[in-house]
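Enquirer: Below you will find the structure I want to go over with you.
Since every read-out is calculated from the coordinates, none of them should be taken as a lab result. All of these numbers come straight from a predicted model, not from anything done at the bench. Using ideal geometry, Cβ is built from the backbone for each residue, glycine included, and neighbour counts are taken over all protein chains shown.
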Amino acid sequence: MWDSGWISKFRCRVPDNLNLLIMKIFFLSLLIAAAAYLVAAVGGYFLINKLSSNTHDKSMEATMTAAFVLGPIAAIIAFIAAYFYLRSH
């Protein structure tokens, strides 16, 4: 109505595929985080089995530590690193 064209020069154009790109980066980062979880959990299991001095229940200690400590830490770090790396490129 009262827009005589002066407001249109202040609008910025957002690319149509920006949302798709952000979603693609997010899900690729999530996939990388899942892979990092698996690598850290399996690697942590074998390392704890080798290095732990626990003689009573070593396999349970290795399983729980790998699944609930090492895996999630690696997944969070990998997700953040992959997200920022993919956003920058």
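Enquirer: Quick check on region 17-88: what does the Kirkwood estimate of hydrodynamic radius come out to from the alpha carbon pairs, in Å? Intermediate results must be reported in sequence, preceding the final value.
Expert: On the way: mean 1/r = 0.0756 Å⁻¹.
Kirkwood radius, region 17-88: 13.2 Å.
Enquirer: Let me ask something additional. How much length would be gained if the chain were fully extended between Ala67 and Leu28, taking 0.36 nm per residue of separation minus their Cα-Cα distance, in nm to one decimal?
Expert: Working: separation 39, 0.36 × 39 = 14.04 nm, distance 2.20 nm.
My answer for the length gained is 11.8 nm.
Enquirer: Could you go through region 36-46 in sequence order and give the Karplus-derived ³J(HN,Hα) for each residue, using 6.51 cos²θ - 1.76 cosθ + 1.60 with θ = phi - 60°, rounded to whole Hz, and x for Gly and Pro?
Expert: 5, 4, 5, 4, 5, 5, 5, x, x, 4, 5
Enquirer: If I take R0 = 41 Å and measure r between the Cβ atoms of Leu18 and Asn49 in this structure, what FRET efficiency does the formula 1/(1 + (r/R0)^6) give, to the nearest 0.05? The partial results should precede the final answer.
Expert: On the way: r = 47 Å, r/R0 = 1.14.
Plugging the Cβ-Cβ distance into 1/(1 + (r/R0)^6) gives 0.30.
Enquirer: Another one. In whole Hz, what ³J(HN,Hα) sequence does region 80-89 give by Karplus (6.51, -1.76, 1.60; θ = phi - 60°), x for Gly and Pro?
Expert: Going residue by residue, I get 5, 5, 5, 4, 5, 5, 5, 5, 7, 10 Hz, with x marking Gly and Pro.
Enquirer: Give me Phe79, Phe26, Phe46 sorted ascending by neighbouring Cβ count inside 10 Å, so fewest comes first. Intermediate results must be reported in sequence, preceding the final value.
Expert: Working: Phe79 19, Phe26 15, Phe46 11.
By the 10 Å Cβ count, ascending, the order reads Phe46, Phe26, Phe79.
Enquirer: List every residue whose amide H lies under 5 Å from the amide H of Ser52, counting only residues 5 or more places away in sequence or on a different chain, with H placed 1.01 Å from N in the peptide plane.
Expert: none
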